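For reference, the structure discussed in these notes is given below.
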Amino acid sequence: MESCKDRNGDTWTIYHSDGWRWRRKAANGETVGASTEAYVNKSDCIANAQRHGMTCTPK
């Protein structure tokens with residue numbers, strides 16, 4: 001599992017669960033976004049998260 005925090009204070013997590021998925025949590029800890037599908041390639045998952053507003057790089 002990899003995560004990063006963007007300039008808004010949201011935490012983005014990239015994790016593997018039957019494929020690669022992403023989740024976005026607001027600064028208050030509430031989940032405000034998540035992938036609706038699992039990706040075979042991690043890079044495809046990251047690209048999808050970036051299309052949904054991720055500006056940081058998960059490590």
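What follows is calculated from the coordinates using simple rules that are stated; it is not laboratory data. Everything numeric in this text was worked out from a predicted model, so none of it was measured. In this analysis, Cβ positions are derived from the backbone assuming ideal geometry, glycine residues included, and neighbour counts consider all displayed protein chains.
Side notes on the structure shown:
- Cysteines not pairable in the chain (beta carbon separation under 4.7 Å absent): 45
- Diffusion coefficient (Stokes-Einstein, Kirkwood radius over C-alpha pairs, 37 °C, 0.692 mPa s) for the chain: 295 µm²/s, rounded to a whole number.
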